[in-house]
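Participant: Sending over a structure as structure tokens; questions will come in a sec.
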Amino acid sequence: MGRVIGTIGVATVGLTLPVLPKRSLPTLDATDKTEVIAALSFWQSLRSTLRNRPFLILCSSTILVQTAYAMLLSNLPYFVALILQEPEAAVGRYQSLVVMVMLAAAPVWNRLSRYGSDRQVLKVSLLGLALATSFLTVVGWPSSVPIALQAAICFGFLGPFLGGYFILVYAMMGTVVEQDAIVRGQRREAFHYSIFSFSAGMGLSFSTLIIPPIFSYYGYTLEHPAGVRVVFLVAAVLVVLGAVVFQGYRLGDVPIQG
């Protein structure tokens, strides 16, 4: 599988190289008296970005939360097969439930952001996401409630907070970019979003390093499925750590009343 995925990855990335456009700076007319700000080089932009405290906090928090999110996705098939003891086709059903609840809750988060800053509302989504993820660790223990219903309730509770996070974190990236443009006198959206996307991708890489030791130590079989529950618990802890890191974010925005 590694060879196949690696080959496809190299091929698809390689296909983008021939079609990358060549950049040409516009020429200014000699009569144009507009002040031109010299473009920053790559290393100058990188140094400037690494000095941007709100951006670094947002990226650091994102790495933790995206790691937890990747762990959720990777653990879901094991959860369905070992804890719920349902066929693999049920994975798509639970994922669809999360997506539908995310979409249904999107207007609520947009409404909340009108009465409170994105910074405050994002904290709510992170704490709710951590709580919902921790609930998955105990699915199946209350024997009086059907286990499938327990799982559906937990995923239904998780969906709104997960959707709120994805909505708000990108909105806050827009605020960071705007602030940087004001301070530096240049717009550098591409640079900021590329590093931000790289931070999100790091979460997937870290999740592949965290899950195997947990499975090896606690087990991931029908006889010993504790590792599946522990993965959810660790993911919840990572989200809490992401919220703690985010506490240092001080770039606020003004709520819109009415």
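Participant: Order by neighbour count: LEU238, LEU209, fewest other Cβ atoms within 10 Å first, most last.
Facilitator: Ascending Cβ contact count within 10 Å gives the list LEU209, LEU238.
Participant: Taking 51 Å as R0, compute the FRET efficiency from the Cβ-Cβ separation of GLN186 and LEU233 and round it to 0.05.
Facilitator: 0.70
Participant: Taking region 113-178, which chymotrypsin sites (Phe, Trp or Tyr not before Pro) meet the DSSP loop condition and have no more than 10 other C-beta atoms within 10 Å?
Facilitator: Hits after loop and neighbour filter: nothing returned.
Participant: Within a 10 angstrom radius of the beta carbon, how do VAL169, VAL228 rank from fewest other beta carbons to most?
Facilitator: The most exposed by this proxy come first: VAL169, VAL228.
Participant: Using alpha-carbon pairs under 8 Å, 6+ residues apart, how would you state the relative contact order of the chain in percent?
Facilitator: RCO, the chain: 36 percent.
Participant: What list do you get for VAL91, VAL13, VAL244, VAL139 if you sort them by fewest beta carbons within 10 Å?
Facilitator: Fewest to most other Cβ atoms nearby, the residues stand as VAL13, VAL244, VAL91, VAL139.
Participant: Right, another one. Angle, helix 118-135 long axis vs. longest principal axis of the chain, Cα atoms, 0 to 90°, nearest 10?
Facilitator: Tilt relative to the chain: about 20 degrees.
Laboratory data are not the source of any read-out in this text; all were calculated from the coordinates shown. All values derive from a computational prediction rather than experimental measurement. Every residue, glycine as well, gets a Cβ built from its backbone with ideal geometry; the counts of neighbours run over all protein chains shown.
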